[in-house]
Each structure stands twice: as structure tokens, then as C-alpha cells.
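Report on one structure; see the data block that follows.
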Amino acid sequence: MPTAAYRPRVVALVTHLRCPGAPSPMARLIEQVSADYRQQAHVEVIETTLGKLLPLARELERRQQADVILCSGAAADYLRQHLSTSVQALHLGEHDLIRALALAHTRTRRVGVLSFGQPHPGLAAMQALLNLKVHEHTYTRLEQARAQVAQLVADGVQVIIGSPTVCQLADAAGAQGVLALDSDSLCHAFDNLRIQPRRSRKPPAAQPFTTRYRFDQLLGDAPAFRATVQLAQRYAATDATVLITGESGTGKELLAQSLHHASARQQGPFVAINCAALPEPLLESELFGFEDGAFTGSRKGGKPGLIELAHGGTLFLDEVGDMPAPLQTRLLRVLQEREVLRLGGCAPTPVDIRVIAATHCDLPARIANGQFRADLFYRLNILRLAVPPLRDRLQDILPLFEALLARHGATPLVTPQLQPLLPLLLRHRWPGNIRELDNIAERAALCAQALVGADGIGLATLFPEFFEHVQAAAQPLPASESLRSLGKAAEAAHARRMLDSCDGNMDQAARCLGVSRSTLWRRLRASYG
């Protein structure tokens, strides 16, 4: 019997600043062009935001749903740094540029061209041919593209040629964006999909489930955090179930990985699954696996679930508080009996696993609301670890920020460009915790030079989250002021308000005010006579 021709699975990811309600012109264009390639490849078009691009691509890779990911140049360059799946960029060709410039010529004589990575060598000849004044800029990051668009608009350029994201930035800035890709570019991209068939895929059981983090990599000297780490190190010597609680972004999975790495199971797999990321039917099959023919479309021969794949190691259930109620009952049996029954199966399979669960939810409150089983809670809540939020780790903020800056290739935070950030970092409430701090560090690394000079971009523009919903009493003094300049009565009142806003924490209040603890104490003592 002849073997069917191999058809690679191509997923075209169209990125936006925020997803449109209807299919975008770029998505419609890809759908139209890819219709001619249905015999050569399975093509799927997915529109997403820039913030969700990497998680979506990682999920496609984890589920082996894409042989090639197709996207614009900047997005492709970003994904290549994080994925092993082949990522192909949609490049602006000479024909695209001529077409876009000709279109712009009908509307204006001054045009901006914003390109990813490098300039176009033939642009000078094209602008002479079309009698256009072309302002060309390049970018490698979103914030850089945003700044370049703002500069073009400030220079009086009203038509800007570029990628879909550049066009959105142009439209938002009051200019007109012209898409720099057409059907010819897409045809060229599809023609160049040289993908070899995957002759032998390793089964999921052969995939490595390893850890990246250890206890000695967890930075922080705050007493609450060190107490949690020390307790986790004790728990690593046991096989009992651990429940890790803490707000989103505090590093619960890092702690779980460190715990596994320090345990006797470190040579075994560390299998992590986010219970809130998948719909109930998919989560059930992923967790428990299924037998051949268990449901329509199931893989021939069946598939082991993640619980089975964790045999001999650790099963990490992230966001367990969001697990659907029917699956809570099945998980309870796994914890009680240490055996798993696949979907459509008749005989359970014994498993040797250590379970670590994590949640940002208030599980007792969910139990009271009927959203979480009390018996499952008591099965999970044997050893308890509470990860403190970043706002309770004030002394750790600057060391963590400096380490994150280094990860993003920036100079230390003691440089003059980043000095104005220090009081803002210390007064912020950090609702996103270390994940939010990492975002700020990456932005600071990219934009540090923009903070220099009288014409530099303001802090409120680059870091708006530091200036939203800030209580007046909790704001540090401007750099040009000090407590001494306010006069004794005013400085004492300000010091008392700051101390109240810091819940009586003298060290935190002193840092936010930019004075020593002893100076703050003298001001407070004088104010009370």
C-alpha cells in the first residue's frame, strides 16, 4: 500500500498589540495564499497578542502541533531564542517595498520605512525613481519600534511602511500604516518550506523532564523568604506531598524544581502541568492517559498520561486550585492508592511518584464555596510552603533586579541612567511579583540609554505602572528635594504618613524617603515633642 505524502504542519502566527475582533487583513491574506498550498502542507493561522506569543508557541511545541512556525521578522527572531521548533520569518522583499512605496506615493511625498534588523540596500534608488523622501529606520525590539514610530510622526511623516505591528503602532500614533508584505512574499515563504518528514518520533515516555533550578540559585535574604527555603530544604529529604502557596509570579515552580533537585528523586523525571491552562477533557487525557479507542480521534495504541510519565520522580501540579471538580475526585484516588487508570482502561497502573502542588488560590475559601474538595485539600496539605510576595521582601528587590538586568544583558543598576528607578522599585506594590520585576528589568535594559539627557524619555512613559494608583503619602520625595528642605513640621508630617503607609516598617519607610533609619527616627521623635 503506498505511503501518503508527508505534509508538514505550518502554523502562521499573526501578532498584534491587542487582538482584533475580526480576522485582520494579514490573517486573511495568509488564509487566501495558503489555500494554494493545501496539498503540500497543513496550514493554520492563529492571531495572538505579543504578550501571548511565546506561551502559545511553547504550547504548540510541547504538543508537537507545528513542524514550522511562520511569523514576521521580529517575532520570528524572538521565538528562535526560546524554541527548538523551526521558525521561518516573513521577509520584506524588493517587490514588496516597491509596491508599498508606490502605494504611499499616491498619498504623500514623505514616507517612513521601519524595517526589522537591517536596512534595505536598494531603497535609495527606489526613492529617487519614485521622487519620494524616505526616512528609513530599523528596530530589533518592540519598544524600539514604538520609539522610532513616534520619532517619524514627530518629524512630520504621516505614512509608515512596515510589518503588521509597525502598522498598528503607526495608526495608534496618528499616522497611516502600510503593510509591507503582499501575496508574492507569502508565496515565496511557502515555496521555501523545505521540511523533512519526521521518520521516527520518540514517544512521550522518552522525553526528558528535567529541572533547571536549584536552591543555591534562589536569590534573596529576606527573613520570610529564607525561612521558606530552609523549610523546603528539610522537606526535600522526605517523600511526602507538598503544597506550595503564594501569589502569581512569586516563583512557586522554581521552589518545586529546587525541592526535586535536592531530593533522592533528582535522577527521576520532574513532570509539570498547569491545571488551569487546559480545558477539562484535554487535561483529563493529559493527566491520566488513554487506551486505544478510548474516544474519537484518540491515538492508535493509546498514550500514557503525565502521572505515569512521572513514575520514579516528581509530579508538579501547578495551579491545582483551578482543577475542574470531576478531576479532583480522580486525582484523590491517585494520591490515596498511588495508581492511575487510563481513560478507557480496565486495570490500574501502579505509580511511584512524589506530588508537589502549587496554587495562588485561597483553597479553604474554595472549599467553602464548593469549588474544591476538602478531602483533596487535606491530602495535598501535608507539608506546607508559603512563598512570600515581593512586597514583603523589600531588601531583596534591588539584588533581584540587578541579577535580572544582567540576564537581559544590561549594566549594573548603579549606573546613572538607572538611578532614578531605585526609589520607584522600592515603593511599588508588585502585584505581579518577580515575574513583573523581570518585565521591568528587561524594559530597563532596553531603554536605559533613553533615560539620559534633557530630551530623554520620562520615567512615567517607560514605566507607567509605577505611577498608577499611587497614594500621595507613599510617594518618595522628588530627587531635587529632601526631608530637610521641607521644614521641620512638614518633614515630620510626611515622615509619619510614610511610616503609616509602610505599616510601621521603619526600614521600608526610611528607604522610600531616601534617609537613614536614625534620621527618620530623629524626625519622628521631634514631631512628638
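Worth a mention:
- FRET efficiency for the Thr349 to Asp375 pair, using the beta carbon distance and R₀ = 35 Å, is estimated at 0.95.
- Taking a point 7 Å from the Cα of Ala264 along the Cα-to-Cβ direction, the residues of the range 220-248 with backbone N closer than 16 Å to it are 234-241.
- Highest average packing first - 313-321, 340-348, 111-119, Cβ atoms within 10 Å: 313-321, 111-119, 340-348
- Full-extension gain in nm, Ala386 to Arg517, via 0.36 nm per residue minus C-alpha separation: 44.2 nm
- Scanning residues 5 or more positions from Val14 or on other chains, those with amide H under 5 Å from its amide H are Ile46, Glu47, Thr48, with H placed 1.01 Å from N in the peptide plane.
- ³J(HN,Hα) computed for each position of the range 381-390 - Karplus, 6.51 cos²θ - 1.76 cosθ + 1.60, integer Hz, glycine/proline x: 8, 8, 10, 10, 10, 10, 8, x, x, 5
- Residues whose amide H comes within less than 5 Å of that of Ile161, counting only those at least five positions distant or on another chain, are Gly112, Val113, Leu114, Val178 (H built at 1.01 Å from N in the peptide plane).
- With q set to 0.20, 0.25, 0.29, 0.31 Å⁻¹, the log10 of I(q)/I(0) for the range 346-392, from the Debye formula over equal scatterers at the Cα positions, is -0.84, -1.02, -1.13, -1.20.
- Residues whose placed amide H lies under 5 Å from that of Leu90, excluding near-sequence neighbours: Cys71, Ser72, Gly73
- Computed over every Cα-Cα pair of the range 204-386 and binned at 5 Å starting from 0, the pair-distance distribution P(r) comes out as 1, 8, 17, 21, 20, 15, 10, 5, 2, 1, 0 percent.
- Electrostatic tally near Asp318: other residues with Cβ closer than 10 Å to its Cβ, Lys and Arg +1, Asp and Glu -1, net -2.
- For the range 239-247, Karplus couplings with θ = phi - 60° (6.51, -1.76, 1.60), whole Hz, Gly/Pro x: 10, 6, 5, 10, 10, 9, 10, x, 5
- Estimated FRET transfer efficiency (Leu426, Arg109; beta-carbon r; R0 45 Å; 0.05): 0.35
- Burial ranking of peptide ranges 251-262, 234-245, 217-228 (average Cβ count within 10 Å, highest at the top): 251-262, 234-245, 217-228
- Of the Cα atoms belonging to the range 9-90, the radius of gyration and Dmax stand at 12.0, 33 Å.
- Gain upon complete extension [Ala222, Gln419; 0.36 nm per residue less C-alpha separation]: 68.7 nm
- Sequence of Arg366, Arg511 once ranked by neighbouring C-beta atoms within 10 Å, starting from the fewest: Arg366, Arg511
- Thr210 versus Ala35: modelled label distance in nm, points set 7 Å from Cα along the beta carbon direction: 4.7 nm
- Fewest neighbouring Cβ atoms within 10 Å first, the residues Ser86, Ser72 line up as Ser86, Ser72.
- Here the Karplus relation 6.51 cos²θ - 1.76 cosθ + 1.60, evaluated at θ = phi - 60°, turns the backbone of the range 55-60 into coupling constants of x, 5, 5, 5, 5, 4 Hz, with x for every Gly and Pro.
- Packing order of peptides 24-32, 368-376, 141-149, highest average first: 141-149, 24-32, 368-376 (average count of other Cβ atoms within 10 Å over each peptide's residues).
Just so you know, all these numbers are worked out from the coordinates, no wet-lab data involved. Just so it is clear, the model here is predicted, and its values are computed rather than measured. Positions of Cβ are backbone-derived with ideal geometry, glycine not excepted, and every protein chain shown enters the neighbour counts.
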